[in-house]
Amino acid sequence: MIDMMQLTELPRHVAIIMDGNGRWAEKMGKPRIYGHHKGVDVAIEIVQEALDLGIPYLTLFAFSKDNWKRPKSEISVIMTLMMNSLKSEFQRIIDSQVKINVIGNLSDLSHEVQEVLEDIKHRTANHKGLQLTLAISYESREEIVMATKSIIKKALLGDYKIEEINQDTINQHLYTSSLPYVDFLIRTSGEQRLSNFLLWQSGYAELFFDDTLWPDFSKDDFHKALNEYNNRERRYGKTGQQIKQQIFAV
């Protein structure tokens, strides 16, 4: 058990690739759908823990663009679970002042799903608590291409000069323009890749790969990951000595 009071630094923006629902269910001798049900319960628990700890930004990879390749029956269950969870947790979201944000190509979703997401975004837009971002039908490379096209169109209209375009320009045209860069990215299930998730935003993120399948990922596992982050030294290209001098100079 990690004593969270001993942590001197928590990440401002945590992103999680919630991986392993299907494999967990198969391991249990259950249909893959069973794993998605359990995975939603875990997601709700981790969101609440992030809220309790005071982490201001949490982004969850709920459904990737590649996930559309899965069986239609499984996709239908995942979408229904997401919508039902948002509806059942709505009062707690309101009471906790959680702000819901959604990123991804939402035109891929059904009108019903789009309406539910737009409604909860609108109704929580002014909340000041944890900002929970759900990445749905999301693909980072597609996002970067979309941003590039938007910038080119504006440049052709004279809104930008080529020499004025910089990293901030690109960042302002991404889905995540209102979010800080990712500090800490967690992936469960033992896989060690980013799977086209927040590639631009995670350029300096600390990465943490956990062997635990998502439905088994607990608050204790979350605490252990955060403790690992707390023990790392983020140098941003500087030497460790420079970082120490910077800390002592404050």
- Query: Leaving out ligands, DNA and RNA but keeping every protein chain, what accessible area does residue 94 have, in Å² rounded to the nearest 10, with a 1.4 Å probe?
  - Reply: 50
- Which whole-number value in Å² is the accessible area per residue of the stretch 33-158, probe 1.4 Å? 51
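Would you mind calculating the relative contact order of the chain from Cα pairs under 8 angstrom and at least 6 residues apart, reporting the percent as a whole number?
Dividing the mean separation by the residue count of the chain yields 28 percent.
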- Of the convex hull enclosing the alpha-carbon atoms of the chain, the direction-averaged projected area in nm² is 16.1
- In what order, largest first, do 83, 28, 146 sit by accessible area if the probe radius is 1.4 Å? 28, 146, 83
- Query: Over the stretch 28-71, with a single point scatterer placed on each C-alpha, what log10 of the ratio I(q)/I(0) does the Debye formula yield at q = 0.16, 0.23, 0.29, 0.31 1/Å?
  - Reply: -0.59, -0.90, -1.05, -1.10
- Can you run phi through the Karplus equation (6.51, -1.76, 1.60; θ = phi - 60°) for the stretch 65-79 and list ³J(HN,Hα) in whole Hz, with x for Gly and Pro? 4, 5, 5, 5, 6, 6, x, 4, 5, 5, 4, 4, 5, 4, 5
- A convex hull over the alpha carbons of the stretch 1-111 yields, per residue, a volume in Å³ of 131
- Expected vector for the stretch 130-139, Karplus 3J(HN,Hα) from phi with 6.51, -1.76, 1.60 and θ = phi - 60°, integer Hz, x for Gly and Pro, equals 3, 9, 9, 10, 9, 8, 10, 6, 9, 8
- Karplus-derived 3J(HN,Hα) from phi for the stretch 172-178 (6.51 cos²θ - 1.76 cosθ + 1.60, θ = phi - 60°), whole Hz, x at Gly and Pro, runs 5, 9, 8, 4, 9, 4, 8
- Message: Going by Cα centres, the stretch 187-216 and the stretch 146-166 are how many Å apart?
- Response: 32
- Item | Cut-off under 5 Å, modelled amide H: who pairs with residue 130 long-range | 99
- With 0.36 nm assigned to each residue of separation and the Cα-Cα distance removed, residue 121 to residue 33 gains 29.0 nm
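Excluding residue 194 itself, calculate the net charge of residues whose Cβ lies under 14 Å from the Cβ of residue 194, where each Lys or Arg counts +1 and each Asp or Glu counts -1.
Details: positive: 65, 141, 187, 193; negative: 19, 66, 139, 143, 191, 206.
Once all neighbours under 14 Å are counted, the net charge is -2.
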- In cubic angstrom per residue, the convex hull of the stretch 81-218 built on its Cα atoms measures 146
- Over the stretch 45-128, relative contact order from alpha-carbon pairs under 8 Å, at least 6 apart, %: 25
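The values are calculated or read from the model by the stated rules, or taken from the named source; none is laboratory data. Since the model is a prediction, treat every value here as computed from it, not as a measurement. A quick note on method: Cβ atoms are made from the backbone with ideal geometry, for glycine too, and the neighbour counts reach across all protein chains shown. The protein model used for the area step is the full one, side chains on, heavy atoms only, and it has no ligands, DNA or RNA in it. Shrake-Rupley method; radii C 1.70, N 1.55, O 1.52, S 1.80 Å.
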